[in-house]
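Student: This structure is in structure tokens; I'll ask about it shortly.
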Amino acid sequence: MIDMLKAKQYFKEYVSNYNLEEPRISLKVTHMYHVAEDARMIAKSLDLSEEEQELAELIGLLHDIGRFDQWKFYQTYSDKISIDHGQKSVEILFADKHIRGFVEDEKYDTILYKAINNHNKWEIERGLTDQELLYCKIVRDSDNLDIFRAILQSRLEENTHLGSQDVSKEILSPEFFEDFKKEKVMLYAKAKTDMDIMVAIIAHIYAIHFRQTFKMIKENDYIRKFVTKIDAKDEYTKQKLNEIADYAMHYIERKLN
């Protein structure tokens, strides 16, 4: 049985050990609450039971709990130059059995472990059961969905680990524009400019699994708002970003029909 009240209290007490006045910390706390809410909403859209919806919500709430030590000790959210925050999250929850404080038995342990550990990986590991795979997809969808909300409600640089101080002046690489139309998730590591990273963020739509997630992106007009927020100054880049937004919206419409 899952006790969401105890889980939320655990989360609140856990994050109180970190500097909540630090913008990068407070942004991550807010992100985790939203991912939990979105995960429950996606689970509900799939007609899952109340207990299954709670499980999805719990995974969403805890999926990034390793981020706080990552920032504390490395001052970055880049896994490439610090730690795997998905792995760190499951270590925190399971190594000292913190999970037993709000999930009384081991019924969901493997699902919790697999979903949280896989949420930030390039691909979901193979060999999972249908249930394990389902919750991996739910948390990845809700995480990708909230990336747009988080960026739109704060400075671009606070959420995307960018090197530039003014992304609007960056130029999009022509090959990144072409790669976007291949309808695949794009590697940040291949980005030549911070504007390329902006396009890679939009390409998160290619990692989405559920109709409800596409519906929420459309209803919130996240793609158009994101391109508007970037406010590209270079004429070529501005034109190509608008074309990318058009392409992304057509892709979403295809997934909704």
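The values are calculated or read from the model by the stated rules, or taken from the named source; none is laboratory data. Not measured: the values here are computed from a predicted model. For neighbour counting, all protein chains shown are included, and Cβ atoms are generated from backbone atoms with ideal geometry for every residue, glycine included.
Student: If I filter region 1-42 down to residues being of a type in the set (Gly, Ala, Ser) and in contact with an Asp or Glu (Cβ under 6 Å, 6 or more places away or on another chain), which single residue comes out as surrounded by the fewest Cβ atoms within 10 Å (Cβ to Cβ)?
Tutor: Checking each candidate, the answer is Ala36.
Student: Do we find a residue being over 30 Å from Asp234 (Cβ atoms) and either within 17 Å of the chain's Cα centre (by Cα) or modelled with pLDDT of 95 or more (or both) anywhere in region 150-162?
Tutor: Filtering region 150-162 down to residues over 30 Å from Asp234 (Cβ atoms) leaves none.
So far as region 150-162 goes, no, none of its residues is over 30 Å from Asp234 (Cβ atoms) and either within 17 Å of the chain's Cα centre (by Cα) or modelled with pLDDT of 95 or more (or both).
Student: Right, another one. Take Lys255 and tell me if it is touching a residue at least 60 places away in the same chain (Cβ under 8 Å), surrounded by 13 or more Cβ atoms within 10 Å (Cβ to Cβ), of a type in the set (Lys, Arg) and assigned to a helix (DSSP H, G or I).
Tutor: No, not satisfied.
Student: How many of the residues making up region 206-232 are of a type in the set (Ser, Thr, Tyr), surrounded by 20 or more Cβ atoms within 10 Å (Cβ to Cβ) and within 21 Å of Glu123 (Cα to Cα)?
Tutor: Adding up the residues that qualify gives 1.
Student: Taking only region 71-127 into account, find how many residues are under 20 Å from Leu58 (Cβ atoms) and not polar (S, T, N, Q).
Tutor: Within region 71-127, residues that are under 20 Å from Leu58 (Cβ atoms) and not polar (S, T, N, Q) number 32.
Student: Could you grab me the full set of residues in region 103-121 that are touching a Lys or Arg at 6+ places or on another chain (Cβ under 8 Å) and over 11 Å from Cys136 (Cβ atoms)?
Tutor: If the condition is that a residue be touching a Lys or Arg at 6+ places or on another chain (Cβ under 8 Å) and over 11 Å from Cys136 (Cβ atoms), then no residue fits.
Student: Being on the phi > 0 side of the Ramachandran plot and assigned to a loop (DSSP other than H, G, I, E, B) is the requirement here; does Asp47 meet it?
Tutor: Numbers: on the phi > 0 side of the Ramachandran plot: yes; assigned to a loop (DSSP other than H, G, I, E, B): yes.
Here the answer is yes, as Asp47 does meet what is asked.
Student: Considering every residue within region 108-120, establish whether at least one is under 12 Å from the mean Cα position of the chain (by Cα), closer than 22 Å to Asp196 by Cβ and either assigned by TED's automatic domain parsing to the domain that holds Glu54 or modelled with pLDDT of 95 or more (or both).
Tutor: Yes; the residues of region 108-120 include at least one that is under 12 Å from the mean Cα position of the chain (by Cα), closer than 22 Å to Asp196 by Cβ and either assigned by TED's automatic domain parsing to the domain that holds Glu54 or modelled with pLDDT of 95 or more (or both).
Student: Among the residues of region 44-69, which ones are among the acidic types (Asp, Glu) and over 16 Å from Leu133 (Cα atoms)?
Tutor: Asp47, Glu50, Glu51, Glu54, Asp64, Asp69 - these are the residues of region 44-69 that are among the acidic types (Asp, Glu) and over 16 Å from Leu133 (Cα atoms).
Student: Here is a further query. Kindly indicate whether Ala248 is within 20 Å of Ile124 (Cβ to Cβ) and out of contact with any Ser or Thr (no Cβ under 9 Å at 6 or more places or on another chain).
Tutor: For Ala248, the condition - within 20 Å of Ile124 (Cβ to Cβ) and out of contact with any Ser or Thr (no Cβ under 9 Å at 6 or more places or on another chain) - is not met.
Student: Of these, Ser45, Ser49, which one is more than 18 Å from the chain's Cα centre (by Cα), loosely packed, with under 13 Cβ neighbours inside 10 Å and in the same structural domain as Phe94 (by TED's automatic domain parsing)?
Tutor: On the way: Ser45 fails: loosely packed, with under 13 Cβ neighbours inside 10 Å.
It is Ser49.
Student: Among all residue pairs at least 6 apart or on different chains, which show Cβ distances below 8 Å where the first residue, located in region 101-130, is more than 23 Å from Ile208 (Cβ to Cβ) and the second is charged (D, E, K, R) and assigned to a loop (DSSP other than H, G, I, E, B)?
Tutor: Here the result reads Phe102/Asp3; Val103/Asp3; Glu104/Asp3, each pair linking region 101-130 to a residue that is charged (D, E, K, R) and assigned to a loop (DSSP other than H, G, I, E, B).
Student: Right, another one. Can you pull out the residues in region 135-157 that are small (Gly, Ala, Ser) and surrounded by fewer than 22 Cβ atoms within 10 Å (Cβ to Cβ)?
Tutor: Listed by number, the residues that qualify are Ala150, Ser154.
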